Amino acid sequence: MEQIKRMLGQRSVLLEFMLITIVLGMLAVYLSVITVEEADDAYMNLEFSYSDQIPYKETKMEDGSTVKEYPYNKFPYYTTADKFKLILYQVLPFIAVPVYVVGLLGSGMFYYYKRRVKTPYDLMITSSRKIADQNLDFEIRYESKDEFGKLCAAFEKMRAALAHNTRDMWRAAEERKRLNAAFSHDLRTPLTVLKGHVDYLKTYYPDEQMSKEDVLSTIDTMKGHIERLERYVASMNSIQKLEEVRPSPAEVSARELLSGLRETAVILCDGKQLSFEVNATADTVRLDPEMISQVVENLIVNGVRYAKQTVTITGEITGTTCTLSVADDGPGFTAKALKKAAEPFYRDDRQAGTAHFGLGLYIGKLLCEKHGGQLIVANSPSGGAQVTAEFRTLSS
């Protein structure tokens with residue numbers, strides 16, 4: 001029974017509609033013909049039953065046969081009940097045909113609507129209302145291979161795409177809010193310092209209470225903070241450009257990709273020991289090599305900054321993923337840094353007073369997510385910091 005239902009569910013909607021229409025149309029024609037014939041027979045039989053009760057005149061023909069001539073209007077000679085029957089037998093053929101056609105085809109169409117149309121129709125109407133109300137947290141499920149099933153599947157694909165895009169949009173908006181908040185927070189210090197120095201100059205310089213050395217020292221300090229503000233603005237512009245970047249996947253040789261990463265690591269690890277152990281189980285992989293190189297270079301730079309002696313790069317490249325980890329033998333991440341290291345402009349106590357803005361891991365996280373992966377911040381078993389970048393292969 002389930003197999004029969006499955007076969008019926010896979011049949012074309014148009015084919016089933018045409019089949020039902022043809023079968024019911026033929027049935028309506030058949031019943032109409034039977035009804036007309038039966039009505040004619042009943043009419044003739046009723047008329048024949050009154051042949052001896054209605055006055056007639058016999059006429060002899062030339063060949064000697066006798067012909068009965070009945071009056072033209074025989075209707076008054078019938079009983080009331082038989083009069084009704086005669087009218088019914090005459091009218092029935094004109095009524096039966098449209099009744100059969102409309103009744104059978106109408107019933108068939110109603111059955112067809114209930115069986116094949118109503119469920120997907122109600123499903124899509126309900127879904128469209130939810131989407132209009134910006135409610136995308138549902139799933140459109142209609143198990144059928146027919147046209148309505150394909151339509152519902154396409155509708156579900158559209159809903160899923162809308163939900164994904166909406167989540168990405170909200171995530172981007174939240175990320176932008178955090179970025180702006182971090183940017184505003186970090187601007188306070190140089191702005192406060194600049195304001196203080198301006199007030200200091202306004203107070204003491206007009207009265208010549210400041211020596212030339214004090215003035216130059218104050219100006220140098222202000223210049224340093226202005227340059228810092230310029231670097232902040234440049235960093236924000238870089239992040240905005242990165243947010244607009246889309247991966248450009250290409251078929252890349254895994255061996256060539258690893259060779260390039262190793263050469264870059266050797267240059268960046270100048271003065272530090274490098275351990276590079278990355279396995280490749282696929283000959284080629286579809287990735288954006290520039291995006292991957294940018295992420296790994298940022299991770300290596302961070303590792304070199306905090307490593308005591310050694311930077312270790314491990315990972316694996318398969319036909320579907322590329323995983324690369326950079327670990328150092330430094331102090332590792334603090335508990336707070338493990339949670340916030342990949343946030344924009346985050347700096348721990350070790351970075352205080354430096355020109356480092358804490359954007360490397362944030363940029364890595366941003367690019368990993370654009371490549372379908374993620375950035376994982378952790379401490380290695382040996383105690384140093386370990387950051388893992390995961391990328392997924394891209395189809396286009």
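The values are calculated or read from the model by the stated rules, or taken from the named source; none is laboratory data. What you see is a predicted model, and the numbers here were worked out from it, not measured in a lab. Note: ideal-geometry Cβ built from the backbone for every residue, glycine included; neighbour counts use all protein chains shown.
Could you say which residue among 264, 192, 203 is of a type in the set (Val, Ile, Thr), at pLDDT 80 or above, surrounded by fewer than 17 Cβ atoms within 10 Å (Cβ to Cβ) and more than 30 Å from residue 329 (Cα to Cα)? Of 264, 192, 203, the one residue that is of a type in the set (Val, Ile, Thr), at pLDDT 80 or above, surrounded by fewer than 17 Cβ atoms within 10 Å (Cβ to Cβ) and more than 30 Å from residue 329 (Cα to Cα) is 203.
Among the residues of this structure, residue 31 counts as one that is in the same structural domain as residue 111 (by TED's automatic domain parsing), within 30 Å of residue 105 (Cβ to Cβ) and in a helix (DSSP H, G or I).
Do we have residue 18 as surrounded by 11 or more Cβ atoms within 10 Å (Cβ to Cβ) and at pLDDT 90 or above here? The answer is no for residue 18. Within the range 17-66, the set of residues being among the β-branched types (Val, Ile, Thr), over 30 Å from residue 84 (Cβ atoms) and more than 54 Å from the chain's Cα centre (by Cα) comprises 59, 66. Residues in the range 128-158 that are touching an Asp or Glu at 6+ places or on another chain (Cβ under 8 Å) and either farther than 18 Å from residue 17 by Cβ or at pLDDT 90 or above (or both): 139, 140, 141, 156. Only one residue in 277, 290 is of a type outside the set (A, V, I, L, M), surrounded by fewer than 17 Cβ atoms within 10 Å (Cβ to Cβ) and free of Cβ contacts under 8 Å to residues at least 40 places away in the same chain. Which one? Criteria check complete, one pass: 277. Of everything listed in (1) modelled with pLDDT of 90 or more; (2) closer than 15 Å to residue 257 by Cα; (3) not small (Gly, Ala, Ser), the single unmet condition for residue 299 is (2). Scanning the range 249-261 for residues that are in contact with a strand residue (DSSP E or B) (Cβ under 8 Å, 6 or more places away or on another chain), surrounded by fewer than 14 Cβ atoms within 10 Å (Cβ to Cβ) and either within 19 Å of residue 281 (Cβ to Cβ) or modelled with pLDDT under 90 (or both) yields 251, 255. Restricting to the range 232-248, what's the tally of residues that are farther than 30 Å from residue 330 by Cα and either in a helix (DSSP H, G or I) or at pLDDT 90 or above (or both)? Result for the range 232-248: 6. Could you please let me know if residue 36 is surrounded by 14 or more Cβ atoms within 10 Å (Cβ to Cβ), β-branched (Val, Ile, Thr) and at pLDDT 80 or above? So residue 36 passes the test.
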